[in-house]
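Engineer: There's a structure below that I have some questions on.
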Amino acid sequence: MNKKGVIDRLEDNKLAVILVESEGLEYVVPKEKLPKEAGAGTWLTFVVENNNMTDISIDYAKTDQSLVNANAKLNRIRKKSAGSKFKKK
């Protein structure tokens with residue numbers, strides 16, 4: 001079955017934790033099974049058969065869109081922030 005998930009984190013730089021939010025699932029796979037350029041925040045497409053992940057590839061469009069959305073949120077937060085409301089003594 002084809003799935004999409006995001007690499008949430010790398011543990012000990014050996015294992016990747018991949019979240020499939022639409023199904024509330026988490027997969028832990030060896031980093032060696034991932035494309036070399038994949039890292040935290042990278043969206044992947046893959047196939048799961050018998051609890052084994054295969055045909056792993058990067059979803060560049062979704063990864064790029066996720067990065068654009070995150071940067072837009074950061075910019076909105078930065079614009080709202082006018083500094084501390086407390087005065088320094």
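Engineer: Can you tell me the alpha carbon radius of gyration of the chain divided by the globular rule-of-thumb value 2.2 N^0.38 Å?
Structural biologist: Here the Cα radius of gyration is 1.44 times the empirical estimate.
Engineer: Just want the answer: with Cβ charges of +1 for Lys and Arg and -1 for Asp and Glu, which residue in 63, 48, 35 is farthest toward the dipole's positive end in the chain?
Structural biologist: Positive-most Cα among the choices belongs to 63.
Engineer: Next question, about the same structure. Tilt of helix 60-80 relative to the longest C-alpha principal axis of the chain, in degrees (0 to 90, nearest 10)?
Structural biologist: Value to nearest ten degrees: 20.
Engineer: Once you have the Kirkwood Rh of segment 25-73 from its Cα pairs, apply Stokes-Einstein at 25 °C and 0.890 mPa s and quote D in µm²/s.
Structural biologist: In µm²/s, the coefficient is 205.
Engineer: Now for a different question. Residue by residue through segment 7-14, which ³J(HN,Hα) values in whole Hz follow from phi under the Karplus form 6.51 cos²θ - 1.76 cosθ + 1.60 (θ = phi - 60°), with glycine and proline marked x?
Structural biologist: Whole-Hz 3J(HN,Hα) from phi for segment 7-14: 6, 6, 6, 10, 9, 6, 6, 10.
Engineer: Rank 74, 20, 6 by how far each Cα sits towards the positive end of the charge dipole of segment 2-80 (+1 on Lys, Arg Cβ; -1 on Asp, Glu Cβ) and give me just the farthest.
Structural biologist: 74
Engineer: Further, regarding this structure: Treat every Asp and Glu Cβ in segment 2-80 as -1 and every Lys and Arg Cβ as +1, leave all other atoms uncharged, and give the resulting dipole magnitude about the Cα centre to the nearest 20 debye.
Structural biologist: Dipole about the Cα centre, nearest 20: 660 debye.
Engineer: While we're here: For the pair residue 49 and residue 87, how long in nm is the line joining their label points, each one 7 Å along Cα→Cβ?
Structural biologist: So the two model labels end up 7.1 nm from each other.
Engineer: How high is the FRET efficiency from residue 78 to residue 22, r the C-beta distance, R0 22 Å, rounded to 0.05?
Structural biologist: E between residue 78 and residue 22, to the nearest 0.05, is 0.10.
A short reminder: the numbers here are calculations on the coordinates, not readings from a lab. The structure displayed is predicted, hence computed values, not measured ones. Glycine gets a Cβ as well: all are built from the backbone with ideal geometry, and neighbour counts include every protein chain shown.
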